[in-house]
Amino acid sequence: MTDLSGRRAVVTGGASGIGEACARAFAAAGAHVVIADLNGEAAMRVADELGGEAWQVDLGDTAALADLSLEADILVNNAGIQHVRPIEDFEPERFSLILRLMLESPFLLIRAALPGMYERGFGRIINISSVHGLRASAFKSAYVAAKHGLEGLSKVTALEGGPHGVTSNCIDPAYVRTPLVEKQIADQARLHGISEDEVVPKIMLTESAIKRLVEPSEVASLALWLAGADAGMVTGASYTMDGGWSAR
């Protein structure tokens, strides 16, 4: 089993979905977990259960993160939102928000955490990307752009961090059974002219060889391994967990 005793893990979007699953896996392995989330009440609930701490933070407010110093042995960049619109109808302010939240804030958090990681000679940066970091889907211009950018940021971090004992990797799941996925079902049904019941089988699972949603715990199990000692030579990688989507 992975032992994270004595490690401090910061998980963004840690109050629900993939982030919460990662936080629980890390805590079970002995890490002290910081639950970073816009929803302070939910962050406190999870932190209290895990004996960790809550950090209520608006990661879309990147100006407030510019001078941040972050104490973390493990950083999981997971927080994100989705917005489904054709490009010609995509609101510019929403596009900007998604890039701030899902690309600029990971850069700023990595920037804030690296000095301490370098000093200790150890660091694990785990970026929760998506199969949309490798492939595109219509109506998701901001999300796809942000995830493609995150893949590049992760690789640059790997190159710079390697000599200092810091690894940086992406996890690229397909659709995961989370509130983020559930919230886009209505928009997908409207855009594709189908019923909401048809969205999962006809839209979300059409490219996957395995016809089911990914479970948050499955993503967390890979994040846990990447955070541990056995993954010390794994860096600059993108691990797909997409049921075969990207094999096409």
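Just so you know, all these numbers are worked out from the coordinates, no wet-lab data involved. As the structure is a computational prediction, the values presented were derived from the model and not from experiment. Please note: Cβ atoms are built from the backbone with ideal geometry, for glycine as well, and neighbour counts cover all protein chains shown.
Within the stretch 14-46, the set of residues being within 18 Å of residue 78 (Cα to Cα) and either in a strand (DSSP E or B) or without any contact (Cβ under 8 Å) to a residue 24 or more places away in the chain (or both) comprises 32, 33, 34, 35, 36, 37, 40, 44. Report yes if residue 240 is assigned to a loop (DSSP other than H, G, I, E, B), in contact (Cβ under 8 Å) with a residue 12 or more places away in the chain, crowded, with 18+ Cβ neighbours inside 10 Å and touching a strand residue (DSSP E or B) at 6+ places or on another chain (Cβ under 7 Å), otherwise no. Criteria not met by residue 240. Could you please let me know if residue 223 is of a type in the set (A, V, I, L, M, F, W, C), in contact with a helix residue (DSSP H, G or I) (Cβ under 8 Å, 6 or more places away or on another chain) and over 22 Å from residue 4 (Cα atoms)? No; evaluated as a whole, the condition is false for this residue.
All of 11, 76, 33, 57 fail the test of being surrounded by fewer than 24 Cβ atoms within 10 Å (Cβ to Cβ) and among the β-branched types (Val, Ile, Thr), apart from 57. If I filter the stretch 185-199 for residues that are among the hydroxyl-bearing types (Ser, Thr, Tyr) and either touching a Leu at 6+ places or on another chain (Cβ under 7 Å) or crowded, with 16+ Cβ neighbours inside 10 Å (or both), do I get at least one hit? No. Screening residue 203 on (1) without any contact (Cβ under 8 Å) to a residue 24 or more places away in the chain; (2) within 24 Å of residue 14 (Cβ to Cβ) shows it passes everything except condition (2).
Scanning the stretch 208-226 for residues that are surrounded by fewer than 18 Cβ atoms within 10 Å (Cβ to Cβ) and outside any helix (DSSP H, G or I), we see that the one that is nearest to the chain's Cα centre (by Cα) is 215. Taking each residue of the stretch 139-156 that is in contact (Cβ under 8 Å) with a residue 40 or more places away in the chain and looking for partners that are part of a helix (DSSP H, G or I) and of a type in the set (Val, Ile, Thr) with beta-carbon atoms closer than 6 Å, six or more apart or interchain, yields 141/87; 142/98; 146/98. For the stretch 48-101, the set of residues classified as in a helix (DSSP H, G or I), touching a residue at least 24 places away in the same chain (Cβ under 8 Å) and touching a strand residue (DSSP E or B) at 6+ places or on another chain (Cβ under 9 Å) consists of 50 only.
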